[in-house]
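So the structure is just underneath, and the comments pick up after that.
The values are calculated or read from the model by the stated rules, or taken from the named source; none is laboratory data. Worth saying up front: this structure is predicted, and the values here are computed from it rather than measured. Cβ placement follows ideal geometry from the backbone for every residue including glycine, while neighbour counts extend to all protein chains displayed. Note: areas computed on protein heavy atoms with side chains; ligands, DNA, RNA excluded. Shrake-Rupley method; radii C 1.70, N 1.55, O 1.52, S 1.80 Å.
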Amino acid sequence: MDKPALKQLIRTLAFAARKHRDQRRKDVEASPYINHPITLADILVNEGGVTDIHDTIEDTDTTVDEIESEFGLVVAGLVMEVTDDNSLSKLERKELQIQHAPYLSKKARLVKLADKIANLRDVYQSPPIDWSLQRKQAYFDWAKAVIDGLRGTHDDLEAIFDAVYKNRPKG
Ligand code: NDP
Ligand code: ZN
């Protein structure tokens, strides 16, 4: 990795760590939320071989203007692509992720793949507290519907997703 890329990576991690410092995951241990974007990056780089680390972006709850001024227009555009519209209901947001998946840019599709891999592993290994069997199954089904809409993006990551999907809880 060249020096500008390393600097950008560390700056991104510091930014994300600051933004997510008070957030927790929904598992029983309430793990620090920052683990999740770092896991996404780990999946992209070390499992998917996506080494263009400059473009490895994680979920964030920051305004698009702030991201644009910190990281530029290209990164801000990518973050917008993978960010749900919070003015919609949860059900609508879930449905739109399925509908939009085929039309995302390649980089946004890679982020989606890593995110769904990470979240299915979490639902399997450290699920949100008090999720029923049916809810876990519904989450696996929804994640698969999103990923089925973007196949042909990255063979290895799609194979990893399919392997993880095999852990769908049985009724
Ligand atoms: P949520 O979207 O509320 O929660 C899942 C999200 O939480 C993940 O996508 C992930 O988002 C984040 N997350 C944080 N911690 C964890 C963890 N340990 N494991 C996995 N994900 C974690 O839940 P649903 O996907 O179920 O969607 C809610 C919708 O489902 C609503 O519309 C609701 O009405 C409906 N619903 C369905 C039920 C059912 O049985 N099918 C029951 C109740 C509600 P991120 O990657 O962004 O961090
Ligand atoms: Zn996520």
What does the convex hull of the alpha-carbon atoms of the stretch 1-90 project to on average, in nm²? 6.9
Lysines near residue 107 by alpha-carbon distance under 16 Å, same-chain residues fewer than 8 away left out - which ones? 116
Calculate for the chain the 222 nm mean residue ellipticity that helices alone would give, adding -39,500 (n - 2.57) per DSSP H run of length 4 or more and normalising by residue count, nearest 500 deg cm²/dmol. -18500 deg cm²/dmol
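Please report the carbon-and-sulfur percent of the accessible area for the chain; probe 1.4 Å, protein heavy atoms only, DNA, RNA and ligands left out.
Values: 5250 of 9790 Å².
After summing per-atom areas, the C and S share lands at 54 percent.
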With point charges of +1 on the Cβ of Lys and Arg and -1 on the Cβ of Asp and Glu, referenced to the Cα centre of the stretch 11-157, which listed residue (143, 153, 77) lies farthest in the positive direction of the dipole? 143
Under 16 Å from the Cα of residue 112 - lysines, other chains or at least 8 residues apart: 94, 144
What distance in nm separates the two pseudo spin-label positions at residue 74 and residue 87, each 7 Å out from Cα along the beta-carbon direction? 3.0
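Please report, in debye to the nearest 20, how large the charge dipole of the chain is about its Cα centre when each Lys and Arg carries +1 at its beta carbon and each Asp and Glu carries -1 there. Could you put the intermediate results ahead of the total?
Working: 25 positive and 29 negative charges, 100 e Å.
Rounded to the nearest 20 debye, it is 480 debye.
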Take the Cα atoms of the stretch 53-171, find their three principal axes, and give me the spread along each one in whole Å, biggest first. 48, 32, 25
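Are there trypsin sites (Lys or Arg not before Pro) in the stretch 15-115 that DSSP marks as loop and that have at most 12 other Cβ atoms within 10 Å, and which are they? The partial results should precede the final answer.
Numbers: sites: 18, 19, 21, 24, 25, 26, 90, 93, 94, 106, 107, 109, 112; in loops: 21, 25, 26.
Sparse-neighbourhood loop trypsin sites (Lys or Arg not before Pro): 21.
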Residue span residue 132 to residue 99: 0.36 nm per residue of separation minus Cα-Cα distance leaves a gain in nm of 9.3 nm
